[in-house]
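For reference, the structure discussed in these notes is given below.
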Amino acid sequence: MTPASWLYQAAASLRSSFISPYQASIPVLCIGNLVAGGAGKTPVALALGRALVRRGLKVAFLSRGYGGSESGPLQVLLDRHSASAVGDEPLLLAEAAPTWISRDRPAGARMAAEAGADIILLDDGFQNPALSKTMSVLVVDGGYGFGNGRVIPAGPLRELVSQGLSRADAVVLLGDDPRNLEEVLKATLPVFRGHLTPTRASAGLRGERAIAFAGIGRPGKFFDTLRTLGVELVETRSFGDHEPYRGEDLIDLIAQAEQKDALLLTTAKDHVRLPEELRLLIRRVDVELVWEDPAGIETLLDRIDVSGS
């Protein structure tokens with residue numbers, strides 16, 4: 001697959017060379033990654049967004065709306081939009097701050113600024129050259145790293161690691177670091193460590209029997225988290241990332257949970273994709289990002305000039 005990877009890289013380079021990035025009227029903080037699949041971008045975006053809100057800033061999240069039918073630009077409204085329309089991640093972001101989806105990122109940025117935002121948090125879009133970024137933070141899963149180090153389709157990378165690091169301002173390294181990535185990365189960029197931890201409400205699951213299912217980039221991480229919480233998993237099921245759930249799959253899962261006298265657990269991102277009438281039967285397990293050095297993150301955010309907002 002290596003020749004196909006060369007073509008993928010060439011196409012990305014050609015695209016960038018023909019685009020003049022749009023400069024938004026307010027700062028744009030991009031949260032991206034270098035691999036396809038889940039790395040933890042959305043929890044990082046939420047954590048940084050909440051930190052900026054605590055500073056008194058009007059934060060607007062901007063997302064492509066992957067998996068949704070709407071192209072935007074439009075503001076995500078929790079009482080109006082479903083995951084099938086705007087995607088699952090924008091619904092989670094909209095729980096924390098005003099959120100916009102737009103496949104045309106500059107159009108979304110303009111609309112968010114016109115609505116009164118002080119700063120835009122771009123969830124993904126690091127490889128999209130259409131919108132200029134004030135600061136870019138790369139999220140790296142410490143356990144997975146960069147896979148085999150090859151670009152799609154020969155590997156999981158969206159671009160070469162060296163290229164991505166050259167355009168980033170900082171790295172957030174999530175979880176354990178068995179590959180010793182921190183030592184390598186911090187030679188180039190500041191590295192901030194963090195851990196995704198279940199919220200206090202989820203801590204009460206210890207000792208419970210459960211069936212767990214997930215359709216995220218790496219479902220095994222969710223199952224491992226539940227085991228760490230002390231949940232007795234009697235069954236696990238994995239679905240495709242962002243995959244819409246079929247009614248028959250959910251009915252079968254609910255029946256299995258009743259038969260085995262077990263809870264039915266899933267991630268927050270999966271829960272917002274469920275039919276509304278079934279959500280009360282399936283428990284959502286939320287996680288939050290805990291920084292190893294909260295003061296360091298505040299120092300990073302100090303570098304973003306919002307004085308003109």
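Of the numbered conditions (1) of a type outside the set (Asp, Glu); (2) touching a residue at least 12 places away in the same chain (Cβ under 8 Å); (3) within 22 Å of Pro27 (Cα to Cα), Arg54 satisfies every one except a single condition; which is it?
Here Arg54 clears every test but (2).
Could you give every pair whose Cβ atoms fall below 6 Å, whose first residue belongs to region 36-47 and is in a loop (DSSP other than H, G, I, E, B), and whose second residue is crowded, with 24+ Cβ neighbours inside 10 Å and among the polar types (S, T, N, Q), counting only separations of at least 6 or pairs across chains?
The qualifying pairs are Ala39/Asn33.
Can you find a residue that is in a strand (DSSP E or B), farther than 19 Å from Ser202 by Cβ and among the hydroxyl-bearing types (Ser, Thr, Tyr) anywhere in region 286-307?
no
Criterion first (among the polar types (S, T, N, Q), in contact with a strand residue (DSSP E or B) (Cβ under 7 Å, 6 or more places away or on another chain) and at pLDDT 90 or above) does Ser136 satisfy it? If you could, list the steps in order and put the result at the bottom.
Numbers: among the polar types (S, T, N, Q): yes; in contact with a strand residue (DSSP E or B) (Cβ under 7 Å, 6 or more places away or on another chain): yes; at pLDDT 90 or above: yes.
So Ser136 passes the test.
Tell me, please, whether a residue that is more than 20 Å from Tyr66 (Cβ to Cβ), assigned to a loop (DSSP other than H, G, I, E, B) and not assigned by TED's automatic domain parsing to the domain that holds Cys30 can be found in region 214-228.
No; the residues of region 214-228 include none that is more than 20 Å from Tyr66 (Cβ to Cβ), assigned to a loop (DSSP other than H, G, I, E, B) and not assigned by TED's automatic domain parsing to the domain that holds Cys30.
Given the residues Gly116, Gly145, Gly149, Gly125, which is the only one that is in contact with a Lys or Arg (Cβ under 7 Å, 6 or more places away or on another chain) and either exposed (fewer than 15 other Cβ atoms within 10 Å of the Cβ) or not assigned by TED's automatic domain parsing to the domain that holds Ser71 (or both)?
Every option except Gly116 fails the conditions.
When you scan region 128-164, how many residues do you find that are farther than 30 Å from Val306 by Cβ and in contact (Cβ under 8 Å) with a residue 24 or more places away in the chain?
16
Got a number for residues in region 248-267 being in contact with a helix residue (DSSP H, G or I) (Cβ under 6 Å, 6 or more places away or on another chain) and either within 22 Å of Gly204 (Cβ to Cβ) or crowded, with 20+ Cβ neighbours inside 10 Å (or both)?
3
Among the residues of region 65-87 satisfying the criterion of being outside any loop (DSSP other than H, G, I, E, B) and in contact with a Ser or Thr (Cβ under 9 Å, 6 or more places away or on another chain), which is surrounded by the most Cβ atoms within 10 Å (Cβ to Cβ)?
Val86
Would you be able to tell me the number of residues in region 245-272 that are in contact with a strand residue (DSSP E or B) (Cβ under 8 Å, 6 or more places away or on another chain), assigned to a helix (DSSP H, G or I) and under 13 Å from Glu235 (Cα atoms)?
4
Just give me the residues in region 145-159 being in a loop (DSSP other than H, G, I, E, B) and modelled with pLDDT under 90, in sequence order.
Hits for region 145-159 are Gly147, Asn148, Gly149, Arg150, Ile152, Pro153, Ala154, Gly155, Pro156, Arg158.
Look at Asp104 and say whether it is in the same structural domain as Arg54 (by TED's automatic domain parsing) and within 15 Å of the chain's Cα centre (by Cα).
Considered against the rule, which asks whether it is in the same structural domain as Arg54 (by TED's automatic domain parsing) and within 15 Å of the chain's Cα centre (by Cα), Asp104 comes out as no.
Could you tell me which residue of region 160-204 is surrounded by the most Cβ atoms within 10 Å (Cβ to Cβ), considering only residues that are in a helix (DSSP H, G or I) and either touching a helix residue (DSSP H, G or I) at 6+ places or on another chain (Cβ under 7 Å) or modelled with pLDDT under 90 (or both)?
Ser202
Take the residues in region 205-221 that are among the hydrophobic types (A, V, I, L, M, F, W, C) and under 19 Å from Gly143 (Cα atoms); name whichever of them is surrounded by the fewest Cβ atoms within 10 Å (Cβ to Cβ).
Ile216
Yes or no: Asp224 of a type outside the set (Ser, Thr, Tyr) and surrounded by 16 or more Cβ atoms within 10 Å (Cβ to Cβ)? Before the answer, list the steps.
Details: of a type outside the set (Ser, Thr, Tyr): yes; surrounded by 16 or more Cβ atoms within 10 Å (Cβ to Cβ): no.
The answer is no for Asp224.
Filtering region 230-242 down to residues that are within 22 Å of the chain's Cα centre (by Cα) and outside any strand (DSSP E or B), which residue is surrounded by the fewest Cβ atoms within 10 Å (Cβ to Cβ)? Outline the logic, then answer.
From region 230-242, those within 22 Å of the chain's Cα centre (by Cα) are 237-242; that's our starting set.
After this cut, where a residue has to be outside any strand (DSSP E or B) as well, the list is 239-242.
On the way: Phe239: 18, Gly240: 10, Asp241: 18, His242: 18.
Within region 230-242, the match that is surrounded by the fewest Cβ atoms within 10 Å (Cβ to Cβ) is Gly240.
Based on this model, can you work out whether Ala60 counts as closer than 23 Å to Asp270 by Cβ, crowded, with 19+ Cβ neighbours inside 10 Å and in contact with a strand residue (DSSP E or B) (Cβ under 9 Å, 6 or more places away or on another chain)? Steps first, please.
Details: closer than 23 Å to Asp270 by Cβ: no; crowded, with 19+ Cβ neighbours inside 10 Å: yes; in contact with a strand residue (DSSP E or B) (Cβ under 9 Å, 6 or more places away or on another chain): yes.
Taking the combined requirement at face value, the residue does not satisfy it.
The values are calculated or read from the model by the stated rules, or taken from the named source; none is laboratory data. Remember, predicted model here, so these are calculated numbers, not experimental data. We place every Cβ from the backbone using ideal geometry, glycine too, and count neighbours over all the protein chains shown.
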